[in-house]
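The next block holds one structure in the form of structure tokens; read it before the comments.
The values are calculated or read from the model by the stated rules, or taken from the named source; none is laboratory data. This structure is a prediction, so every number in the text was calculated from the model and none was measured. Here the Cβ positions follow ideal geometry from the backbone for every residue, glycine too, while neighbour counts run over all protein chains shown.
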Amino acid sequence: MRQLTLLTAALCLLGLAANAGAQTAATRDLFSLAEYLTQLDRLTASVDQLDEQQPSRAGEVLAQVPHTWSVVQDGRRFEIRTEWIRRSLADWRLSPNAAARTTLASRLRAVRADVAKFAPPAANATAARARLDNIIADAEFRDLHGPGWFDRLRQQAMGWLIRFLSTTLGSSSIPTITNVLVYAAIAAVVILMGLWMVRALRHSAAIDSIRPDRIPAVARPWMAWLEEARAAAARGEWADAIHLGYWCGIAFLETQGAWRPDRSRTPREYLRVMSSTHQHRPALQALTRKLEHVWYGTARADASSFDDVLAQLKKLGCPSI
């Protein structure tokens with residue numbers, strides 16, 4: 001009973017929503033605690049393998065992450081939300097960098113370590129070791145490694161700073177310097193907290209930029225996309241109008257044979273498959289940039305933005321523009 005209580009508290013501290021009464025989900029949607037840990041291991045390995053030169057691979061990783069994980073432990077069910085994972089992958093795809101990828105992987109490992117504390121002990125250590133060896137032998141774990149030289153350097157620098165501050169702040173021979181350092185440290189903490197809060201608010205306001213159900217298949221005539229875009233503009237829904245106008249351009253280019261139809265492509269992938277010497281590439285690039293800034297980003301959409309989309313559609317050769 002005490003173990004179950006500790007597990008419930010740990011999941012709550014990690015921001016996970018517990019639901020003890022729901023037992024009607026399909027079996028394939030339910031995981032034991034051990035299976036949930038395996039899911040975290042595989043996801044962490046996939047994040048480690050992301051390449052800043054191939055940001056589109058984040059979409060493949062994101063497609064494997066459900067909106068919630070349903071975990072059953074000791075007869076109780078917990079609904080674990082994955083919004084922070086999906087948002088981090090979305091942000092990384094728009095601005096791929098190694099630091100953001102490392103931060104996401106580290107946070108996943110921290111969550112995994114906290115949850116693993118409440119896993120029941122293995123009945124057979126030899127069997128558990130064999131299962132672990134099989135997992136580590138998978139391809140996604142081949143590139144795993146310990147802290148790099150930069151991580152070790154950062155740890156050494158932090159250790160030196162802590163020792164320096166402890167020695168200085170503990171000295172009574174230089175009270176003036178001590179007070180200055182104390183106030184400087186307080187000010188630095190306040191500034192860092194303020195920057196962190198501003199960044200968090202901006203991310204909260206941003207639209208989830210990679211959501212599979214937000215990327216439609218180009219299965220309608222371009223005239224239908226254009227009609228819906230104009231209707232949205234008439235209602236003052238400028239972001240929707242820009243979004244629909246972009247897919248009008250994609251559908252029109254597809255009818256002109258600009259590429260072979262592929263319903264799984266993302267906006268960046270449509271731009272990538274078009275030749276750099278194609279006469280309509282500048283217009284498509286402008287449409288893609290406008291879509292990313294308004295629909296996927298936080299840029300303000302207005303009538304002027306929609307007029308710019310119509311101008312780019314005209315450059316593509318849409319006859320009704």
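Miscellaneous remarks
- Scope region 253-280; condition surrounded by 15 or more Cβ atoms within 10 Å (Cβ to Cβ) and over 20 Å from PRO55 (Cα atoms); matching residues: LEU253, GLU254, ALA258, TRP259, HIS280
- No other residue among THR68, THR82, THR102, THR24 is closer than 24 Å to ASP151 by Cβ and either at pLDDT below 85 or β-branched (Val, Ile, Thr) (or both) apart from THR102.
- For region 127-138, the criterion of being part of a helix (DSSP H, G or I), at pLDDT 85 or above, surrounded by 10 or more Cβ atoms within 10 Å (Cβ to Cβ) and not assigned by TED's automatic domain parsing to the domain that holds TRP295 is satisfied by no residue at all.
- Identity of the residue in region 231-267, part of a loop (DSSP other than H, G, I, E, B) and small (Gly, Ala, Ser), that ends up nearest to SER305 (Cα to Cα): GLY236
- Restricting attention to region 90-108, the residues that are over 20 Å from LEU40 (Cβ atoms) and surrounded by fewer than 15 Cβ atoms within 10 Å (Cβ to Cβ) total 4.
- Any hit, region 268-275, residues being assigned to a helix (DSSP H, G or I) and of a type in the set (Ser, Thr, Tyr): yes
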